[in-house]
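Asker: Mind looking over this structure? Questions follow.
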Amino acid sequence: MLVGGESQMNNNRGCLIVFEGTDGTGKSTQLSLLANYLQDKQYPVVTTREPTEGKYGQRIRGLYLQRDSCTPREELELFLADRKEHVDNMINPALASGKIVLCDRYFLSTVAYQGAIGFAIDELLSLNSFAPEPDIAILLQASLDTGRKRITENRGEQLNDFEQIENLQKVAAIFDSLSLPFIKKISAQGSIESVHSKVLSEVLPIIPQTLRNVD
Ligand code: TMP
């Protein structure tokens, strides 16, 4: 990861686009709209997410209802191990073969969520230095109340242990304080369509035309 803005793009490399934000801001919806849009335009897209479905990701899901069953350091190490496996087995090979990788959550989630339980931001960024810097990180921002309603009323789900309100205020404040060059903050308060338009206007200029599958 090169925090400082230098692009890692070269002629053969694909493009890494990540969606970040607190739960209920519409990350998955926007990711899937963007994936459909790009596929229609003949771009080679792969979609993925963190935590993954791998062995560490499954252990992380076990913490959703019992976060205190491990120490903060153990929790952090699980997220890092999950990401390391994801980067080595999926993200880097896809980028090397010219794919556009759309990822729902990535290392800024570690910075915000594990930062909120007391780890220093610089330490968290440095522990993630193995992870390639995204070409763009779309940070979706909505009021915590909007997010909570979308989770509990629209999806009919419970807030997991990571999304409890006191913690979430800190998470949202850390996300908001980040000003790395690849982060684009977008308000997620509007309609799905209006947020999608804003996502397109940030993402399209950074995708090289040369990645298209044109025969
Ligand atoms: P999600 O699958 O609904 O996005 O939930 C994943 C949860 O894990 C979410 O509450 C945020 C949390 N999380 C972290 O605490 N650190 C991380 O590095 C990642 C990727 C997620």
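Asker: Starting from the coordinates of the alpha-carbon atoms of the range 76-195, obtain the Kirkwood hydrodynamic radius over all distinct pairs and give the value in Å to one decimal.
Answerer: So the Kirkwood estimate lands at 15.8 Å.
Asker: Is there a quick way to get the dipole size of the chain? I mean about its Cα centre, with the Cβ of Lys and Arg at +1 and of Asp and Glu at -1; what is the value in debye to the nearest 20?
Answerer: Charge dipole, the chain, about its Cα centre: 400 debye, nearest 20.
Asker: For the range 94-156, take the convex hull of the Cα atoms, compute a quarter of its surface area, and give me that in nm², please.
Answerer: Its average projected convex-hull area is 6.0 nm².
Asker: Let me ask something else. Jot down the radius of gyration and Dmax of the range 53-139, Cα atoms only, both in angstrom.
Answerer: Radius of gyration, then largest Cα-Cα span, for the range 53-139: 13.4, 41 Å.
Asker: Run down the lysines and flag those whose C-alpha is under 25 Å from the C-alpha of Lys149, throwing out any fewer than 8 positions away in its chain.
Answerer: Lys27, Lys170, Lys184, Lys185, Lys198
Asker: If Rh is defined by the Kirkwood formula over all Cα pairs and Rg also comes from Cα, what ratio Rg/Rh do you get for the chain?
Answerer: Numbers: Rg = 16.7 Å, Rh = 17.7 Å.
Value, to two decimals: 0.95.
Asker: Sticking with this one: Between the range 165-215 and the range 94-126, what is the separation of their alpha carbon centroids in Å?
Answerer: Going from one Cα centre to the other spans 14 Å.
Asker: In nm, what is the difference between 0.36 nm times the number of residues separating Ile192 and Asn213 and their Cα-Cα distance?
Answerer: Fully extending the segment from Ile192 to Asn213 adds 4.8 nm.
Asker: Next question. Give me the accessible area per residue for the chain, probe 1.4 Å, as a whole number in Å².
Answerer: Working: 10170 Å² over 215 residues.
For the chain, the solvent-accessible area averages 47 Å² per residue.
Asker: Taking Lys99 as the anchor, which aspartates and glutamates have their alpha carbon closer than 14 Å to its alpha carbon, excluding any fewer than eight residues away along the same chain?
Answerer: Asp135
Asker: So, one more: Return one number: the angle in degrees, 0 to 90 and rounded to the nearest 10, between the long axis of the Cα atoms of helix 192-203 and the longest principal axis of the Cα atoms of the chain.
Answerer: 60 degrees
The values are calculated or read from the model by the stated rules, or taken from the named source; none is laboratory data. Predicted, not measured: the structure shown is a model, and the values here were computed from it. Don't worry about glycine lacking a Cβ; one is built from the backbone with ideal geometry, like all the others, and counts go over all protein chains shown. With ligands, DNA and RNA removed, areas are computed over all heavy atoms of the protein, side chains included. Shrake-Rupley method; radii C 1.70, N 1.55, O 1.52, S 1.80 Å.
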